[in-house]
Amino acid sequence: MATLSAISTKAGYCKAPTLSWKGSRVSGRNVVSMATTRRGGLVSLRSPRFRVYAAKAETVSKVMDIVKKQLALAADVGLTAESKFADLGADSLDTVEIVMVLEEEFKITVEEDNAQNITTIQEAADLIDKLVDQNPAAPAA
């Protein structure tokens, strides 16, 4: 029985890109870099790398406190980084208000496109840390 790669090679197709992962720590955050490469044949391409930031624990904690206060949640409500605003009873107006308070608290400006993509506490914290890193002149609260 012939393998898919042997059939692809005989038919003249290139191999599928392989993914490589590399982990490291930058400024107290876990960072994962990923690049794709093509191996085999004469083609050797490398795409630009991108990074995925995991927010600082203190940022996640501060976002949790703000969400709890904005949604008037009881003190015993257990929030996690994966808690979704909608699951906590927030509607679109509540989410806009949360983003506005986060902007004031962290002295950042969240673009409308980014604000619409925030659905969890972790997503909010990741975006905040990213924006704070991009604008180091603004003091973090």
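Near the amide H of Ser83, under 5 Å away, which other amide H atoms are found, from residues 5 or more places off or on another chain, if H is placed in the peptide plane?
Under 5 Å from the amide H of Ser83: Ile121, Gln122.
Label-point separation (nm) for Glu82 and Ala57, each offset 7 Å from Cα along Cα-to-Cβ?
1.9 nm
In straight Cα distance, which aspartates and glutamates are under 18 Å from Lys62, not counting same-chain residues fewer than 8 positions off?
Cα-Cα hits under 18 Å: Asp76, Glu82, Asp94, Glu97, Glu103, Glu104, Glu105, Glu123, Asp126, Asp129, Asp133.
Give me Rg/Rg_expected for the stretch 71-141, where Rg uses Cα atoms only and Rg_expected = 2.2 N^0.38 Å with N residues.
1.12
Mind checking the stretch 58-141 for trypsin sites (Lys or Arg not before Pro) that DSSP puts in a loop (not H, G, I, E or B) and that have at most 14 other Cβ atoms within 10 Å? Each step should come with its number before you reach the end.
Details: sites: Lys62, Lys68, Lys69, Lys84, Lys107, Lys130; in loops: Lys107.
Here the sparse-neighbourhood loop sites are Lys107.
All of the numbers you see were taken from the coordinates with simple rules; none came from a lab. As the structure is a prediction and not an experimental result, all values here were calculated from the model. Methodologically, a virtual Cβ is constructed for each residue, glycine included, from the backbone with ideal geometry; neighbour enumeration extends over all protein chains shown.
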